[in-house]
Each structure stands twice: as structure tokens, then as C-alpha cells.
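The values are calculated or read from the model by the stated rules, or taken from the named source; none is laboratory data. Just so it is clear, the model here is predicted, and its values are computed rather than measured. For neighbour counting, all protein chains shown are included, and Cβ atoms are generated from backbone atoms with ideal geometry for every residue, glycine included.
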């Protein structure tokens, strides 16, 4: 049995999903849809699949087991509602929503229509990230007192000029809602929910955008630890890193590389714990930015076909959305934002 799937949106991330789907024999790509029909037509011609210029048209004419929503972040809730009562399994690219109220609506509709929701969190499958999660579960780090994330990426004027929604508050969410959302997810997934936020930011280089392209944010977690996020798309001339660091009273771990794919620091009071082969936990080429989609789709297929429990905890996703919204609210109001 194959999982018949359709793709909604033909933007920058589309090819990552097509590649992951084509490498997984359990999926069968049937259709693609975009309001810019020329984009959808180009993809359909290349892959010999059906193309549509509207979600309603695709859902009316195709029998699908799953769809992937790959549209602008701010439009995810609207597009989810259009398919919620027509297909059981719905994949949504990060972030699922820029605002908590919209995410609550998605949850409401999913419960009503008994949907399986899968949020793309491919960096969770990077081998060094899995190693860190295991270390936290086994208390190797002891009491975590601080954690941080650094996203030093490069997005030039051409990137923002590719589409009108880029750099807008409602659809893009800025460097925090777009580029750094994966790293925020890792911090909250590994260290729990955040209780308060204070952020500062600026528009550094590019022109004609509403959002900040450089943001620093201080976080206080509900477990008593503190955190820090440095995120920018104004690194020049090229990307430098996408990293996370966790510090505890028994050890320290840093995962660096371009997209949290390289174990750079693994230090503990217990020398036995340190005795690992770091090369074993270096991500393979397919695991670096975008290629973790393959592992993501594999997990999705296990839920659909093998009836495994959904690996996405929607309550934790709410926590991530609250941090994204909280940082952007702090930037706007220039004050500490307390979260639920």
C-alpha cells in the first residue's frame, strides 16, 4: 500500500519535500497546487503528476491520503482549514503558525475532523541532536542552568525580492518566525516551555522589509534555567552556523555546523560518558538542512501505515509558537513578555 500525497505550495522548500517523498517508496506523489499556476505546471510536467491552481480544485479531483502544506507561514492556518475535512493526514512546514490563536484554531479543526497533524521538525532527527536528547533524558548534564542558540545565516536582497510575503509580519515572521524557528523548537523540545522573554533587534542590511533581520532574545524557562537566542540573516558574505549549546552542572554539549548537524563539544564530569566516537554522530550529507525531511517522512509513514503513535506533541508545538510570537511582541513593545 502506498500513501497518495499532494503538495500545496511551490516555494523554496518544495524540492526538499519532493526529494524526501521520491526516496520513500511508501509515498506516491499524485498532485501539486499553487495559486501561481505556472509554477505548479512546471513541476507537474517534470514529474508527470497533476497540477492545480487552487486547493479546492485539487481536493475535489484527487483521492489523497495526505497533503503537505508548504505555503507562507502566516497562511498555514487558512490552508489547513481548507483541507481538514477532506484528508486525514496533514503535514505542515515550520512554523505551523506565527500566532497562538491560529494554532488553537488548527487544533480545534483537527480534533473535529480527527486529523493526524505532522509538523516538519527535521533537525530533531540529526544524530547529534538525538544524542543530546538521550543525554538529557539520562541526566548526564545534571541540572541544566542555561542553553542558547546561534543562527548566523545569509539572506540577501534577492532572497527577499523573490516573493512579496518575505519579510512581512503576518506571513513571514522575520528571522525569528522563519529561519530561527527550528532552533527555537530544539530549545523548547529539549528544555521545556519558556516563562518570559525580552528581545531587541534591527533591520541590518536589506531594504523594504517589515520585520527584523537581526534579533537577540533572552529567555527564562519554567524549569528555572535561562536561555539566549542570537539570530540573523545579515551574515555576509555566506552562512556561518546554526548551533545550540546546553550547559549543566555535570557537563556541556554544543551542536554546531550549518544546521545543528555537527557535534562540536561533548564534555562531562564523568569521563566514561565522554568516551564516544564523535564521527559516529556526525550527520550524513542528507541530514544537513532540508535532508532530514527523509527521516521525517519515514516517521510519518509509520504513523499512517503501522498505526504508530504520532511523534509530534502538539502541546510542545504550542510552546514553540508562543516563543516566536513572544519574541516578536517584545521587539514591538520593547518590554519583557510573560508567557502562559
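Key figures
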item	result
Qualifying residue in the stretch 141-150 (condition: surrounded by fewer than 23 Cβ atoms within 10 Å (Cβ to Cβ), closer than 21 Å to residue 257 by Cβ and within 18 Å of the chain's Cα centre (by Cα))	yes
Hits in the stretch 200-230 (condition: within 21 Å of residue 11 (Cα to Cα) and out of contact with any strand residue (DSSP E or B) (no Cβ under 9 Å at 6 or more places or on another chain))	208, 209, 210
Matching residues, the stretch 312-323, being part of a helix (DSSP H, G or I) and either in contact with a strand residue (DSSP E or B) (Cβ under 6 Å, 6 or more places away or on another chain) or at pLDDT 90 or above (or both)	317, 318, 319, 320, 321, 322, 323
Qualifying residue in the stretch 324-337 (condition: within 25 Å of residue 93 (Cα to Cα) and modelled with pLDDT under 95)	no
Residues being in a strand (DSSP E or B) and touching a helix residue (DSSP H, G or I) at 6+ places or on another chain (Cβ under 7 Å) - total across the stretch 129-175	4
Residue within the stretch 210-226 that is within 16 Å of the chain's Cα centre (by Cα) and buried (at least 19 other Cβ atoms within 10 Å of the Cβ) present	no
Residue, surrounded by the fewest Cβ atoms within 10 Å (Cβ to Cβ), within the stretch 70-105, restricted to residues that are touching a strand residue (DSSP E or B) at 6+ places or on another chain (Cβ under 7 Å) and assigned to a helix (DSSP H, G or I)	79
Whichever residue in the stretch 1-52 is part of a loop (DSSP other than H, G, I, E, B) and free of Cβ contacts under 8 Å to residues at least 60 places away in the same chain and, among such residues, is farthest from the chain's Cα centre (by Cα)	48
Sole residue being in contact with a strand residue (DSSP E or B) (Cβ under 6 Å, 6 or more places away or on another chain), buried (at least 23 other Cβ atoms within 10 Å of the Cβ) and under 14 Å from residue 327 (Cα atoms), chosen from 197, 184	197
The stretch 124-152 residues that are at positive phi and in contact (Cβ under 8 Å) with a residue 40 or more places away in the chain, paired with ones that are surrounded by fewer than 19 Cβ atoms within 10 Å (Cβ to Cβ) and not in a strand (DSSP E or B) (beta carbon under 7 Å, 6 or more apart)	142/249; 142/250
Conditions (1) at pLDDT below 95; (2) more than 25 Å from residue 219 (Cβ to Cβ); (3) in contact with a helix residue (DSSP H, G or I) (Cβ under 6 Å, 6 or more places away or on another chain); number of the one not met by residue 278	(3)
Residue in the stretch 243-260 that is at positive phi, touching a helix residue (DSSP H, G or I) at 6+ places or on another chain (Cβ under 6 Å) and in contact (Cβ under 8 Å) with a residue 12 or more places away in the chain present	yes
Residue list for the stretch 257-282, filter: assigned to a helix (DSSP H, G or I), in contact with a strand residue (DSSP E or B) (Cβ under 7 Å, 6 or more places away or on another chain) and within 15 Å of residue 127 (Cβ to Cβ)	278, 281
